[in-house]
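Asks: My questions all concern the structure below.
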Amino acid sequence: MHSSALQKLYAREDILPILLSGSYGFLSSLTYFFLPLFLKDHLQFSGSKIGILYAGLSITGLFVTFPIGFLNDLVTPRSLIMFSLIITGLALWGQAVTISFIPFFLVFLLFGISNNLFRVSLDALLFKLEKTEHQVTRYGLYNGMRMIGFTAGAVFAGYSLLSLDFPATLKGLSLIALVLLLTYPFLPASPGRRWELFNYRQDFLKKEVLVFSLWLFFFTLHWGAESTCFSLFLRDNLKLPMIGIGYYMAAEFLTVALTSVYCGRLIDRGISFERLLYPGLIASGLGHLLMTYPHVYFSLFWRIIHGIGDGAVMLVMYEGIGRLFHVDRVGGNASLIYLVTLAGSFAGALVFGPLGENLGYGVPLAGSGIVTLLLFLFLVWWQRWEGSRSADTL
């Protein structure tokens, strides 16, 4: 194959999906992190209602994530990616023009469906690409670019909300989602496969997959705390202005991006995933706990430590999915793993949303950090217990 053809293949199979990941991160950063400010201040939603909204976002995924992953094993993921962008555009516009709770709840659920459809389909596209010797580096670049998208989105949202308002910003993001439809002809088209539902059950009930899913559930509890309390903590506890909130978030997102790329290279060079997972859990949990001290620079330092931990753990998750599941069923199985993370986020939002309103927005962040530290201790205990069992059978 000529070098020009190789460059074209590389652009289609690596660069474009990675850039699309970053673009969607840009679109969704405002909804995930700034929107609670809009919901509380402008729409007058209580902490319980905000918790219900974000819990609904997660629970929607509990019903649609596996069917979406299953569809990605039957048809080419790029068609589902494009459909998700259309729904995202409509949902963002709907958030901009809806003011009462029930209609907003329904539009927010539509956004949840579109977000799941995009995330699962783009992940499936990534996992179905031809394996290379630098496969985990590809995962790192993919997740890193997504976080760079969050970084740019946080800064953009901070500035945009100073000069515009939330509805105008949401409408602008809606139009960007529709512009991304132009990438459709250039995305790789992987063929669908014949399916057998029994194989998914066999895949997912393996002990190593169940343990993998269990620790991911407890790890992602802190996502629920972040979605409902993080931006409110930055404004009410750290007294940051809108642009300050954007820069604070951007510093963490950029840290996660750089950590993901670096950890991907480490795994491809032979570093075991435990050597990244355990320090990652410590950094994530300790950072989440200590960032709640109400001093901006102290808090930001520990938030960056938390970002280093999250970047390492997320890379372990992608490496685990690629290692544990067969490529023909990786769409459905990866969606089941994503389903577990949504369940964790759902549980976290449902618990930590009202907790933040009643006890202060730092309490849920600190509490979920402690849960992550306890998770680290559990995994260390589990590994030693498994090692002793193996030694006893020899």
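Asks: May I ask you to order 257-268, 167-178 by the average number of other C-beta atoms within 10 Å around their residues, highest value first?
Replies: On the way: 257-268: 22.2, 167-178: 17.8.
Put in order of decreasing packing, that is 257-268, 167-178.
Asks: Same structure again: Based on the Cβ-Cβ distance from residue 265 to residue 385, what FRET efficiency comes out when R0 is 22 Å, to the nearest 0.05? Can you show the working numbers first?
Replies: On the way: r = 32 Å, r/R0 = 1.45.
For R0 = 22 Å, the calculated efficiency reads 0.10.
Asks: What is the spin-label model distance, in nm, from residue 168 to residue 106 if the labels are put 7 Å beyond Cα along the C-beta direction?
Replies: Rounded to a tenth, the inter-label distance reads 2.9 nm.
Asks: Sticking with the crude label model, points 7 Å out along Cα→Cβ, report the distance from residue 295 to residue 63 in nm, one decimal please.
Replies: That separation, rounded to one decimal, is 4.8 nm.
Asks: Counting only the heavy atoms of the protein chains, how much of residue 99 is accessible to a 1.4 Å probe, in Å² to the nearest 10?
Replies: Estimated to the nearest 10 Å², residue 99 gives 130 Å².
Asks: A further question follows. Between residue 272 and residue 178, 0.36 nm times their residue separation minus their Cα-Cα distance comes to what?
Replies: Length gained between residue 272 and residue 178: 29.8 nm.
Asks: Per residue of region 367-378, what does 6.51 cos²θ - 1.76 cosθ + 1.60 with θ = phi - 60° give for ³J(HN,Hα)? Whole Hz please, x for Gly and Pro, Karplus curve as stated.
Replies: x, 5, x, 5, 4, 5, 5, 5, 4, 4, 4, 4
Asks: Then there is this: Mark the label point 7 Å from the Cα of residue 86 along Cα→Cβ and return the residues of region 39-67 whose backbone N is within less than 11 Å of it.
Replies: Residues passing the 11 Å test: none.
Asks: Let me ask something else. Just to verify a number: what accessible area does residue 274 come out at with the full protein assembly present, 1.4 Å probe, Å² rounded to tens?
Replies: Its accessible surface works out to 50 Å², give or take rounding.
Asks: Still on this structure, I have one more. Output the peptides 118-124, 236-242 sorted from most to least packed, where packing is the average of other Cβ atoms within 10 Å over each peptide's residues.
Replies: Final packing ranking: 118-124, 236-242.
Asks: Okay, next question. Identify all lysines with a Cα-Cα distance to residue 128 below 19 Å; exclude those on the same chain that are fewer than 8 residues away in sequence.
Replies: 8
The values are calculated or read from the model by the stated rules, or taken from the named source; none is laboratory data. Given the structure is predicted, the values throughout are model-derived calculations rather than measurements. In this analysis, Cβ positions are derived from the backbone assuming ideal geometry, glycine residues included, and neighbour counts consider all displayed protein chains. Just so you know, the surface numbers come from the protein's heavy atoms only, side chains and all, with ligands and any DNA or RNA stripped out. Shrake-Rupley method; radii C 1.70, N 1.55, O 1.52, S 1.80 Å.
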